[in-house]
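Note sheet for the following structure.
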């Protein structure tokens, strides 16, 4: 038997496995204990601001780290929500929580630990834009999951829209990019 500082290798392995198991169970329990935030929903035409943590993206964020371009559309607002609900419903581990003619809220769960991300869409009929927010309920980092998910939804949504709908520039940018002709 190999010894490491008077500790047998199977003992080191067992201790490592114990720490891994306790950590996994702890993360799973953390995911179950996370309750729905009280700041979800629309208030004066705005979705909730992102927290300081990087695990949130929003079209209404005022800082570059959290900002993401809104969706644009050229159809009836009620059709937009139906299209978004259909797209969201096609994604795994999702559940639509609230739906109206101008607002959609859904929950997305991660595969293993079952962490919940809250996603909201708000159709701003006056501007032809769909504002959205996607935020993790727990933790600090999401390894870009919320941004990646929203870009996937954007690509599916934009594929269903007429050509010529372009997103606005991010906050603080001075340039206006024009399509190459």
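The values are calculated or read from the model by the stated rules, or taken from the named source; none is laboratory data. Bear in mind that the values here come from a model prediction, so they are computed numbers and not experimental data. Please note: Cβ atoms are built from the backbone with ideal geometry, for glycine as well, and neighbour counts cover all protein chains shown.
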(request) All but one of (1) over 11 Å from the mean Cα position of the chain (by Cα); (2) farther than 16 Å from residue 40 by Cβ; (3) free of Cβ contacts under 8 Å to residues at least 24 places away in the same chain hold for residue 69, so report the exception by its number. (result) (3)
(request) Consider residue 45 carefully, then state whether it is under 13 Å from residue 131 (Cβ atoms), under 22 Å from the mean Cα position of the chain (by Cα) and modelled with pLDDT under 95. (result) yes
(message) When you scan region 123-131, do you find a residue that is surrounded by 16 or more Cβ atoms within 10 Å (Cβ to Cβ), touching a helix residue (DSSP H, G or I) at 6+ places or on another chain (Cβ under 8 Å) and in contact (Cβ under 8 Å) with a residue 60 or more places away in the chain, even just one?
(response) yes
(message) Just to verify a result, which residue in region 86-102, among those that are surrounded by fewer than 16 Cβ atoms within 10 Å (Cβ to Cβ) and within 17 Å of residue 155 (Cα to Cα), is modelled with the lowest pLDDT?
(response) 92
(request) Output the residues belonging to region 103-157 that are at pLDDT 95 or above, over 18 Å from residue 60 (Cα atoms) and in a helix (DSSP H, G or I). (result) 152, 155, 156, 157
(message) Any residue that is surrounded by fewer than 20 Cβ atoms within 10 Å (Cβ to Cβ), modelled with pLDDT of 95 or more, under 15 Å from residue 59 (Cα atoms) and touching a helix residue (DSSP H, G or I) at 6+ places or on another chain (Cβ under 9 Å) - is there at least one of those in region 165-174?
(response) no
